[in-house]
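Report on the structure given below.
The values are calculated or read from the model by the stated rules, or taken from the named source; none is laboratory data. Bear in mind the structure is a predicted one, so any value in this text is a computation, not a measurement. Note that each Cβ is placed from the backbone with ideal geometry, even for glycine, and that neighbours are counted across all protein chains shown. Quick note on the areas: whole protein, heavy atoms, side chains included, nothing else; ligands and nucleic acids left out. Shrake-Rupley method; radii C 1.70, N 1.55, O 1.52, S 1.80 Å.
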Amino acid sequence: MQNSTIPTKLFIANEYVSSEGDDRLTLRNPWNDSDITKDVHVAGRDDINNACLAAESALGKGPWAQFTGAQRSAHLLRVAALMEENAEKLAYLESIPTGRPISAIIHFDIKHMVEVFRYYAGWADKIEGRSYIEDNGFYKIVRYEPIGVCAGIASWNATFMYVGWKIAPALAAGNCFIFKSSEKSPLGALALGQLFKEAGFPPGVVQFVTGDGNTGSLLASHQKISKLSFTGSANVGRKIQEAAAKSNLKKITLELGGKSPAIVFADAPMEIAIGGYSVGGGFLANSGQICVAASRVIVEESISKEFCSSLVKLFESVSAEMGTNPLDASTTHGPIVDQQQFQRVMGYIEQGKRSAELLTGGSRIGTKGQFIQPTIFLNPQKDSSIWTEEIFGPVLTVMTFKDEEEAIGLANETDYGLASCIYTSDVTRALRVSSRVQSGGVAINSPFLPELNTPFGGIKQSGYGHELGKESLKSYMNAKSIHINMEIPKL
Ligand code: NAD
């Protein structure tokens with residue numbers, strides 16, 4: 001694809017438009033450090049105002065508000081089909097600035113986004129209310145109404161998934177949506193604008209803006225935005241909550257970071273615990289840059305030697321294959337997203353070397369691109385940063401335990417609560433432990449993966465609110481209670 005065909009302008013009211021200001025983002029390819037573009041438009045105050053005005057005019061007496069549920073459903077299905085048809089182009093645009101392997105973007109992120117649009121298309125004409133007979137003199141109706149202008153702010157590690165999670169339920173419920181991708185991954189999301197237009201969504205229903213934290217904070221503090229769903233770090237999540245409180249008390253959903261545990265009991269089926277997409281493989285998908293990655297492995301002492309040596313073998317084989325172009329269909333593991341994140345991860349590795357035993361990895365791969373060896377530390381000090389803080393890179397810590405109680409204690413020894421994994425052949429134990437681990441999701445004998453019909457979200461400092469399932473649909477609606485006095489005197 002030529003640089004001239006890379007979308008860099010804002011998608012507002014169904015048109016690609018230049019930002020009102022001159023600020024631009026520069027993108028570099030983390031595989032070979034080459035420049036991609038220096039011309040991604042940054043949305044400022046006027047641009048966000050324009051997007052809000054366009055969204056408002058689609059609502060109220062505007063065209064989008066006149067759509068029936070069945071029409072909204074048909075439009076969601078149409079855009080899902082267009083996303084599928086354009087998967088290769090979309091994946092290319094997402095891969096070049098992030099280094100995420102193109103095959104993972106096509107076969108996981110885009111596939112999932114399409115499924116999410118189809119799932120919520122199924123909901124759009126099935127939104128119901130309820131009513132209560134007049135047993136106390138009042139006939140009561142509860143109806144669910146769209147909130148209005150909604151917005152989403154996303155991290156860079158799987159942009160298309162966040163597009164699905166945030167935009168699809170909002171549209172199914174009848175809202176308009178303004179989506180801000182990360183400044184590290186704006187291109188794929190921008191290209192989606194044209195597809196929403198082609199699918200027949202009226203101007204202002206779905207809009208894509210680009211920019212950094214300043215653009216994000218304009219959305220978070222905007223008076224006309226009534227709901228905002230945020231995916232990103234806990235630090236920025238705090239700022240979003242503060243901005244919402246200081247502006248119009250918009251509803252917010254916070255999908256924040258994690259330091260998820262994987263508890264491996266001695267009776268775990270080893271091929272499941274170690275194999276391709278399990279403790280080690282699951283963690284290394286996207287080179288450790290996944291919010292639910294189980295970055296703290298808590299393994300029963302009696303099997304820890306055998307377990308760790310298998311894990312080391314797996315990490316070293318992944319390391320040996322790293323360095324190939326993420327645009328090659330055969331590439332499975334890409335670089336760290338950019339130099340800033342690379343430095344951050346290397347900083348943790350250096351601290352880890354002082355507080356734990358290094359089992360493998362610990363260095364940069366090659367001299368070109370932002371590659372880091374998959375790294376494992378064993379039995380870190382409990383107060384060390386590699387055990388307590390989210391690293392968001394290919395750095396795993398392993399801690400051993402003697403009994404179930406100790407394992408649960410270690411699993412819960414974190415400020416986060418996103419997802420937990422439990423590996424065991426004993427289903428009774430799996431259920432017992434799953435009720436005691438403090439996290440929004442639990443996977444048994446698997447990494448934790450999002451499912452269309454179950455809510456996805458964290459507890460503790462991993463945030464609140466949910467994506468996916470019926471829970472997310474409800475979060476894009478206001479419940480309105482209507483009470484009718486049935487005992488008014490006859491005229
Ligand atoms: P980040 O918090 O730095 O940025 C996320 C988004 O917030 C970006 O779009 C950024 O431009 C925007 N932003 C920055 N400052 C802002 C401000 N003051 N006001 C409004 N918006 C602002 O996170 P990141 O580096 O992009 O992503 C990594 C983090 O995201 C990790 O902590 C990871 O665990 C988390 N994450 C969570 C989930 C989840 O579903 N729970 C999924 C993926 C990533």
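Remarks
- Test: residue in the stretch 464-473 that is part of a strand (DSSP E or B) and within 14 Å of Ala168 (Cβ to Cβ): yes
- On the stretch given as the stretch 287-324, residues that are of a type outside the set (Ser, Thr, Tyr) and within 14 Å of Ile365 (Cβ to Cβ) total 8.
- Residue match in the stretch 187-201 (condition: out of contact with any Ser or Thr (no Cβ under 7 Å at 6 or more places or on another chain), among the charged types (D, E, K, R) and not in a loop (DSSP other than H, G, I, E, B)): yes
- Of the candidates Gly275, Gly281, Gly258, Gly288, the single residue that is more than 16 Å from the ligand (Cβ to nearest atom) and closer than 22 Å to Ile336 by Cβ is Gly281.
- If you filter the stretch 204-230 down to residues that are among the hydroxyl-bearing types (Ser, Thr, Tyr) and open to solvent by 10 Å² or more (accessible area, probe 1.4 Å), you find that the one that is nearest to the ligand (Cβ to nearest atom) is Ser217.
- Here Thr331 qualifies as outside any helix (DSSP H, G or I), surrounded by 21 or more Cβ atoms within 10 Å (Cβ to Cβ), of a type outside the set (Lys, Arg) and at pLDDT 95 or above.
- Against the list (1) open to solvent by less than 10 Å² (accessible area, probe 1.4 Å); (2) away from the ligand (no atom under 16 Å from the Cβ); (3) over 18 Å from Met113 (Cα atoms); (4) not hydroxyl-bearing (Ser, Thr, Tyr), the condition Gly200 fails is (1).
- Flag if Gly463 is over 30 Å from Asp135 (Cβ atoms), touching a helix residue (DSSP H, G or I) at 6+ places or on another chain (Cβ under 8 Å), small (Gly, Ala, Ser) and surrounded by 17 or more Cβ atoms within 10 Å (Cβ to Cβ): yes
- For Gln241, the test of being open to solvent by less than 40 Å² (accessible area, probe 1.4 Å), touching a residue at least 12 places away in the same chain (Cβ under 8 Å) and within 30 Å of Phe177 (Cβ to Cβ) is failed.
The rows are residues; the columns are (1) under 26 Å from the mean Cα position of the chain (by Cα); (2) assigned to a helix (DSSP H, G or I).
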{"position": "Asp33", "(1), (2)": "yes, no"}
{"position": "Ile36", "(1), (2)": "yes, no"}
{"position": "Val40", "(1), (2)": "yes, no"}
{"position": "Ile48", "(1), (2)": "yes, yes"}
{"position": "Leu53", "(1), (2)": "no, yes"}
{"position": "Gly62", "(1), (2)": "no, no"}
{"position": "Gln71", "(1), (2)": "no, yes"}
{"position": "Ala74", "(1), (2)": "yes, yes"}
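- The stretch 245-266 residues that are free of Cβ contacts under 8 Å to residues at least 24 places away in the same chain, paired with ones that are surrounded by fewer than 24 Cβ atoms within 10 Å (Cβ to Cβ) (beta carbon under 7 Å, 6 or more apart): none
- Of the residues examined, Leu449 is one that is of a type in the set (A, V, I, L, M, F, W, C) and open to solvent by 10 Å² or more (accessible area, probe 1.4 Å).
- Complete set of residues in the stretch 356-391 that are open to solvent by 30 Å² or more (accessible area, probe 1.4 Å) and of a type in the set (Gly, Ala, Ser): Ser363, Gly366
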